[in-house]
1. List the pair-distance distribution P(r) of the chain, using every Cα-Cα distance, as the percent of pairs falling in each 5 Å bin from 0 up to the bin containing the longest distance, rounded to whole percents.
2. Between helix 140-154 and the chain, what is the angle of the helix's C-alpha long axis to the longest principal axis, kept within 0 to 90° and rounded to the nearest 10?
3. Round to the nearest 10 and give me the degree value, 0 to 90, for the angle of helix 69-79's Cα axis relative to the longest principal axis of the chain.
4. Of all the accessible heavy-atom surface of the range 63-135, with the other protein chains kept in place and a 1.4 Å probe, what percent is carbon and sulfur?
5. With contacts defined as alpha carbon pairs under 8 Å and 6 or more residues apart, what's the relative contact order of the range 1-86 in percent?
6. Enter the accessible area per residue of the chain (Å², integer; probe 1.4 Å; all protein chains in place).
7. So, with +1 on the Cβ of K and R and -1 on the Cβ of D and E, and no other charges, what is the size of the charge dipole of the chain about its Cα centre, to the nearest 20 debye?
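The values are calculated or read from the model by the stated rules, or taken from the named source; none is laboratory data. Bear in mind the structure is a predicted one, so any value in this text is a computation, not a measurement. So basically every Cβ, Gly included, is an ideal-geometry build from the backbone, and we count neighbours across all protein chains shown. All accessible areas refer to the heavy atoms of the entire protein, side chains included, with ligands and DNA or RNA removed. Shrake-Rupley method; radii C 1.70, N 1.55, O 1.52, S 1.80 Å.
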Amino acid sequence: MNHDTPQQEEPDEHLRFWNYLSELEQVAQADEVDLVSGVLTDPVQAMAQSAVLRHLDRQAADLHCGPDYESWAEKMTQATTRYPFLTQRLHEWSLFRAATLRQPWRPDALLDSSNWLQLKTAEAWNAAALEILADGGRTKRIRNTARINLKKQSQR
């Protein structure tokens, strides 16, 4: 390390990002909507939305198979309604939930979804979803992952 060069300080938005993540990890359910809404008022929108996205993904991963998911997703959709990417991610988590729990879902919704959801679904075990993605997944990686998991499923 060159001792003549002044040490660079962490930019303010990086510090806020890590603080937001910490606060979001520890937030009480009753305060979650207010905190998410508050984070989204940050002037650095890319950073704020990234922090909220991480929170949504973490929470949805924990809740998507359980009974609390729907009310949580509804509250978070209201809190993120002005942020299309975040509301889209919540919608995709709901689609993933439906496929995972074998609830009704539309194949075209899966085919129209993001690469993120298609890959996440291709790594799961819903045979109908795997067949759709093996044939029509957006990328080669998605199609191959779905085919591999279909094959594994048929060998069980």
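1. Taking all Cα pairs of the chain, the binned fractions are 2, 9, 17, 16, 15, 12, 10, 8, 5, 3, 2, 1, 0 percent.
2. Computed tilt is about 50 degrees.
3. The angle comes out near 50 degrees.
4. Of the solvent-accessible surface of the range 63-135, carbon and sulfur hold 54 percent.
5. 27 percent.
6. Values: 9600 Å² over 156 residues.
Ligands and nucleic acids excluded, the result is 62 Å² per residue.
7. 1320
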